[in-house]
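For reference, the structure discussed in these notes is given below.
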Amino acid sequence: IRKQKLIPKAQYGGRHAVTMLPGGGIGPECMGYVRDIFKYIGAPVDFEVVDIDPNVDNDDDVQYAITTIKRNGVGLKGNIETKSEAAYVTSRNVALRNELDMYAYVLNCKSSGNIETKSEAAYVTSRNVALRNELDMYAYVLNCKSFPGVSTRHKDIDITIIRQNTEGEYAMLEHESVRGVIESMKVVTASNSERVARFAFEFAKKNGKKKVTTVHKANIMKLSDGLFLETSRRLAKEYPEIEHNDMIIDNCCMQLVAKPHQFDVMLMTNLYGSIVSNVVCGLLGGAGLLSGRNYGDHYAVFEPGTRNTGTAIAGKNVANPIAMINASIDMLEHLGHHYHAELLRRAVHRTVNEDRVLTPDCGGTASSTDVVNSIIGNIGHVGH
Ligand code: NAI
C-alpha cells in the first residue's frame, strides 16, 4: 500500500473524521457500542454517519456515502442488506416477445413501432459492491488468527486472506439472453490481477510471511482463473524469498477444514474470497469475531469479516460485538492512533481470551452489552 496517499491528514487538534455506515441488521447496535467505547477512551475520531436505506430504488444514499468517504479517506461499515430477487427493468420489446413466446422472427419489411428501452439497468445491485467498486478498493484483507479463549477444533491458526475485491464473479453483469437462459459474466482483468497479486506479495514481505497460495479453478475456467493464476506466478518470481504455490478451490476448502496450518497468505478472486473467508471465520469461532479491511490506492474501509447483516438477531442484545470493535481497532491503527488501538486491543484480548466473556455464538452466555461493559472495565486495567 502506498501509505502516504492512503492515510488522511488529521484535522485541527489531531482528530480524524471517519464515515460511519451502520448498515442493516446488527450494524446500528454494533456501531453504538463502538461509539460508547471511543467516547470512553477519548479516541480522536469524529464520525460522519450515513444511513443507507436498501429499500429505496435510487442510489442517492450510496453516492453521498461515497462522497463522504472520498472526503474523509476512511470508513467504518456495517453490511447493507441486499435483496436476492432481481427487480430490474428489461427491454419491454424483448419482454413482449418473450412473454408471448414468439420464438421465431420473420422479416417482412413491415415494422411495428419500437418501445424505448432505457440503456441503464435499473435493478437494485448490491450497495456494498457498488461502494467497493466506485472507491476502487481492489484488495480485501482478512487476518484470521485464533482466539485462545474461544474453543475450536483447530488451535493456533494464523492465515491472511487477500481477495480481489472489485471484479470477478461480482461484476454484476447478468442478463436473460432468451427466456430461461441466464448469462452471468465473470470479469478478470490483467491489471486488477496484477494489482492484487502485488498487494499480496508486498503484504507477505512486510509482515514476515513465508508463503503465498493462489487459490483458483483454472482447470475449468482456463481463461479467467488462468489469467489470475499466471499473473500471480509471474509476480512470484519478483519475490524469491517468499514461497509460492497454488491450489484448486475445491481442494483448498477440504484442506482448510482438515489441515489449516499449511496456509499462510492466501490470494484469490472475489467469490472464492468470500466463501473461503466464511470458512475460516467458522474455523475460528464464527461471524462475530474477525474484522476485514478494504483497500485501494486512496481509500480504506473497515468492517466485520464475514460481511453479513445478522438481521435475525438484531435488537436482541445477543450479537457478538467483537467483529465490529476489531474493525474499529484496525481503523484506529490505520489512522496512526496507535495508543488508542493498542489500549482497545488489549482490553478485547482480556475480555475474550482471559475473562472469557463470550456471546452464545462463541459458546458463552453473555449478552452484547455484557461484552462491551467487560471491555470498558478492562480498559482501566490494561491502561495502567
Ligand atoms: P446472516 O446475516 O444471516 O448471518 C449468518 C449467520 O451468522 C446467522 O446465523 C447470524 O445470526 C450469524 N451472525 C452474523 N453476525 C453475527 C454476530 N455479530 N454475532 C453472532 N452471530 C452472528 O447472513 P446471510 O443470510 O448470509 O446474509 C444476510 C445479508 O448479508 C444479505 O443481504 C447478504 O446479501 C449480505 N451479505 C453480504 C456479503 C458481502 O460481501 N457484502 C457477504 C455475505 C452476506
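Bear in mind that the values in this text are calculations on the coordinates, not laboratory data. As the structure is a computational prediction, the values presented were derived from the model and not from experiment. Note that we place each Cβ from the backbone using ideal geometry, even for glycine, and neighbour counts take in every protein chain shown.
Summary table
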read-out	value
Additional length obtainable on full extension of the chain from residue 222 to residue 261, 0.36 nm per residue less Cα span	11.2 nm
For 338, 298, order by how many other beta-carbon atoms lie within 10 Å, fewest first	338, 298
Exposure proxy order (Cβ contacts within 10 Å, fewest to most) of 172, 137	172, 137
Scaled radius of gyration (Cα, divided by 2.2 N^0.38 Å) that the chain gives	1.08
Helical mean residue ellipticity (222 nm; -39500 (n - 2.57) per DSSP H run of 4+; nearest 500) of the chain	-11500 deg cm²/dmol
Relative contact order computed over the chain (Cα-Cα under 8 Å; 6+ residues apart), in percent	20
Distance between modelled label sites at residue 245 and residue 298, nm, 7 Å Cα→Cβ extension	4.1
Cα pair distances of the range 315-377 binned at 5 Å [whole percent]	4, 20, 28, 23, 14, 8, 3, 0
The chain - share of DSSP beta bridges that are antiparallel (%, nearest 5)	45
Cβ-based net charge around residue 35, under 13 Å, with every Lys or Arg adding one and every Asp or Glu removing one	-3
Cβ charges +1 (Lys, Arg) and -1 (Asp, Glu), total dipole of the chain, debye	1060
Cleavage-rule hits, trypsin sites (Lys or Arg not before Pro), the range 11-53, DSSP coil, Cβ neighbours within 10 Å at most 16	15
Residue exposure sequence - 29, 174 - by fewest surrounding Cβ within 10 Å	174, 29
Cut-off 15 Å between beta-carbons: net charge of the residues surrounding residue 222, Lys and Arg +1, Asp and Glu -1	0
Positive minus negative residues near residue 78 (Lys, Arg vs Asp, Glu; Cβ under 11 Å)	-2
Gain in span if fully extended, residue 238 to residue 317, counting 0.36 nm per residue against the direct Cα distance	23.5 nm
Long-range tail of P(r) for the range 234-384 (Cα pairs > 28 Å, %)	31
FRET efficiency, 1/(1 + (r/R0)^6) with R0 22 Å, evaluated for residue 49 and residue 346 via beta carbons	0.20
Nitroxide proxy distance, nm - points 7 Å out along Cα→Cβ at residue 145 and residue 353	0.7
